[in-house]
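Input: a single structure, listed below in structure tokens.
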Amino acid sequence: MQRGKLGIFAPSSPFPEDRFEAGCTRLRALGFELEIPAITHARSGYLAGSDPERVEAFHALLDDPAVTGLMAARGGYGLHRIVDRLDPARLARTTKPVVGFSDLCALHAALQGAGLTSIHGPVVTQLADLPTADAERLAALLRGALVAPLEAEGPTLHPGVATGPLVGGCLSVLVPLVGTPFLFVPEGAVLLLEDVGEAPYRLDRMLTHLHLAGVLARVAGVALGAFEGCRRARPHEPDALEVLAERLTPLGVPVLAGLPVGHGARNAALTLGATVTLDADARTLAPHHAAGAPRPSA
């Protein structure tokens, strides 16, 4: 999106107004004009408006010719309630990049299922707290640039190199999509996983669910972001990294931990649905394509 407006939408939970305004200020400083419909500020219990209101607001921004990209105000909870109400025809024909993470991964999965790329990146309320490099990386992706490879800050759990479409995101958001038409993990994919506040045994349960559902058998590699606050309850129990290693290394595919993605102090933007190379030996994740276009066939 070289010109035009970045449309802000709230498909999940309501947000703290001070963090929202701080994020909007940073977006404007990055050179973006913003379109913020009044409904974005709606509140209905733990949701940012009713289900029909949130769907209508998203569709309106997709349809608005002046809006050339969309960014979520906040994650939280709510997209699972409306993902089946989104208009498949609108999704299939859009070329607008959609940005978000956490609860937004349900929407990302629907977009990838429609053959589109999208941006796993900050929500507005997170943006003000991120380092300059992450904010500038997001701006570059929104403007159609191909960004640099990400370097992992954690260990290689299983060596090797894999190339395939990047899919996934927040583990606890993806698992409830198993058994629905909306989970998109094609054969040969590189699966991105991160999460926040989940005890290691809960990570074990969710990864085991993906294993039993046959999802993990399809992946060519696993890229692990932050698992912020995923602490063990007792010293003798395995920590999050040990659980991830125990559940994922038997796949025999490259597994790389510690990518600066997710709910931690950093959240470097990545293009979901586009081809990446995960090099667990060099400890990098390298994008091949920018966001906003139909998913490349090869």
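FYI, it's all coordinate maths here, none of it is from the lab. The structure presented is a predicted model; accordingly, all values stated were derived computationally and were not measured. A quick note on method: Cβ atoms are made from the backbone with ideal geometry, for glycine too, and the neighbour counts reach across all protein chains shown.
For a quick check: with amide H placed at 1.01 Å from N, whose amide H comes under 5 Å from A128's, ignoring anything fewer than 5 positions away on the same chain?
Close amide H contacts, sequence-distant or interchain: G23.
What length, rounded to one decimal in nm, is gained on full extension from R81 through to A22, with 0.36 nm per residue of separation minus their alpha-carbon distance? Spell out each step's value before the answer.
Working: separation 59, 0.36 × 59 = 21.24 nm, distance 2.82 nm.
Length gained, R81 through A22: 18.4 nm.
What are the radius of gyration and Dmax of segment 1-149, computed over its Cα atoms and given in Å?
14.0, 41
Each residue of segment 218-224 in order: what ³J(HN,Hα) in whole Hz does its phi give by Karplus 6.51 cos²θ - 1.76 cosθ + 1.60, θ = phi - 60°, with x for Gly and Pro?
Coupling constants for segment 218-224: 8, 8, 9, x, 10, 10, 9 Hz.
Search the structure for amide H atoms under 5 Å from the amide H of V255, placed 1.01 Å from N in the peptide plane, and list their residues when 5 or more places away or on another chain.
Here the answer is L157, H158, V222, since their amide H atoms fall under 5 Å of that of V255.
Show me the three semi-axes of the equivalent ellipsoid for the chain, from the C-alpha gyration tensor (sqrt of 5 times each eigenvalue), largest first, rounded to whole Å. Before the final figure, lay out the partial values.
Working: eigenvalues 166, 82, 71 Å².
Taking √(5λ) for each eigenvalue gives 29, 20, 19 Å, largest first.
With a point put 7 Å past each Cα toward its Cβ, work out how far H236 is from A217 in nm, to one decimal.
3.6 nm
Please compute the volume of the convex hull spanned by the alpha-carbon atoms of segment 150-287 and report it per residue in Å³.
On the way: hull volume 13.2 nm³, N = 138.
Each residue corresponds to 96 Å³ of Cα convex hull volume.
Taking the simple approach of a point 7 Å from Cα along Cα-to-Cβ for both E246 and A38, what is their distance in nm?
5.5 nm
Going by how many other beta carbons lie within 10 Å of each one, how would you line up I8, I82, fewest first? Please list the in-between numbers first.
Numbers: I8 24, I82 20.
Ranked by crowding around the Cβ, least crowded first: I82, I8.
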